[in-house]
Amino acid sequence: MISVHEVKRVLKEGLRAKFLRLLEWYRSVGGPVLVAFSGGVDSSVALITATLALGKDMVIAATAISPTYPEEDFKWAKKIADLIGVRHLLIETDELADPNFTRNPPERCYFCKKSLIAQLIRFAKVHGARIIVDGTNASDLGSHRPGYLALREAGIRSPLAEIGLTKDEVRALAKALRLPNWDKPSMACLASRIPYGEPITAEKLRRIAMAEKVIKEITGVRQLRVRDHGYIARIEVGRDERRKFFDEKIMDKIAHELIKLGYKFVTLDLLGYRQGSLDMLLSEKIVPKETSTP
């Protein structure tokens, strides 16, 4: 694994200072530390910096296995955990058993996180972890994040956010740390593809996962969301990747494959991928917000 000295040498002054503060953050709270580890770039940085600060024996990675997460996420989590050389635990969660989650309110992520947190706390006790951390960064705090409330209520810490590391800084730090996923597109659970108020089912999640897998195989796009609007599949891809669809044979093949999955209409969003694009419905009050506070 890369050394602290090597990382310091390649970082610019401002980010170097935050990196050293992050290491000191872990040393100040001590270990063992349990990292809620998705395999994305944020939680990977949280995991490897904890290891650099405390040592491999004082850090545990815990990854949720759930119908709401694409199989690709688990593969990345295993790859990064093996690379860093820490203990890697798997947590099976079943959000679909919770009607508060499956009815898909705007606070959906709150209930999802509550389920995961209960498991994380149990694992922390069993394995002697003193603290649980996640990969929330400072840029995340400005968006609709009901799951973050659940984390705070449970006392789970977010060192990247607390240090003030933005998403761009996290990626730059991940690159300096030689993490192979430093430029990997942002990840989100499959339920985020379903508009609020539309019930979440195992069948919908499987269809979305298969649709995204097919599109990636056909086009090679990296940033992708298939928003599930019932009979309509609305495809969002990175703005610089939209041109990969500008071929009649490719469009026909994608449409054919997604129609086989049960969609009746297949569309390409002309604006491309926008993080949390369905959250726009909240600000426009198309979807009624919950009146009670979770």
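What follows draws every value from the coordinates through simple rules; no lab data is involved. Just so it is clear, the model here is predicted, and its values are computed rather than measured. So basically every Cβ, Gly included, is an ideal-geometry build from the backbone, and we count neighbours across all protein chains shown.
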Item to check | D_trans [Stokes-Einstein, Kirkwood Rh over alpha-carbon pairs] for segment 4-176, 25 °C, 0.890 mPa s, µm² s⁻¹ | outcome: 150
Checklist entry - Of the beta bridges DSSP finds with both residues in segment 190-283, what % are antiparallel, to the nearest 5? => result 60
Next on the checklist: So if I take the alpha carbon set of the chain, get Rg, then get Rh from the Kirkwood formula, what is the Rg over Rh ratio?
Outcome noted: 0.98
Next on the checklist: What FRET efficiency comes out for HIS256 versus LEU281 if R0 is 25 angstrom and r is the Cβ-Cβ distance? Round to the nearest 0.05.
Outcome noted: 0.25
Item to check | Options ILE65, ALA154, LEU34, ranked by Cα towards positive dipole end of the chain, top entry (Cβ charges) | outcome: LEU34
Checklist outcome for this item: Extend 7 Å from the Cα of ASP269 along its Cα-to-C-beta direction; within segment 194-234, residues with backbone N under 13 Å of that point are 194-196, 223-229, 233-234
Next on the checklist: Per DSSP helix of 4 or more residues, -39500 (n - 2.57); summed, then divided by the residues of the chain. What does that give at 222 nm, rounded to the nearest 500?
Outcome noted: -13500 deg cm²/dmol
Next on the checklist: To the nearest 20 Debye, how big is the dipole of the chain about its Cα centre, given +1 on the beta carbon of each Lys and Arg and -1 on that of each Asp and Glu?
Outcome noted: 500
Checklist entry - Using a basic spin-label model with each label point 7 Å from the Cα along Cα→Cβ, how many nm lie between MET1 and THR102? => result 4.0
Checklist entry - What's the center-to-center distance, using Cα atoms, between segment 233-280 and segment 94-153 in Å? => result 30
Checklist outcome for this item: Once Lys and Arg are counted +1 and Asp and Glu -1 for all other residues with Cβ under 10 Å from that of THR63, the total becomes 0
Checklist entry - Do you know the relative contact order of the chain, to the nearest whole percent, from alpha carbon pairs under 8 angstrom that are 6+ apart? => result 18
Next on the checklist: Over segment 158-249, what is the relative contact order in percent, taking alpha-carbon pairs closer than 8 angstrom and at least six residues apart?
Outcome noted: 19
Checklist outcome for this item: Nearest 10, in degrees from 0 to 90: the angle of helix 167-176 to the longest Cα principal axis of the chain is 60
Checklist entry - Tell me, in nm to one decimal, what length is gained between LYS12 and LEU90 on full extension, where the rule is 0.36 nm per residue of separation less the Cα-Cα distance? => result 24.5 nm
Checklist entry - To the nearest 10 degrees, how steep is helix 202-219 against the longest Cα principal axis of the chain, on a 0 to 90 scale? => result 90
Next on the checklist: Please compute the modelled spin-label separation between GLU71 and VAL29, points set 7 Å along Cα→Cβ, answer in nm with one decimal.
Outcome noted: 3.4
Item to check | For segment 190-283: rounded, prolate or oblate by the Cα gyration tensor [a/c cutoff 1.5] | outcome: oblate
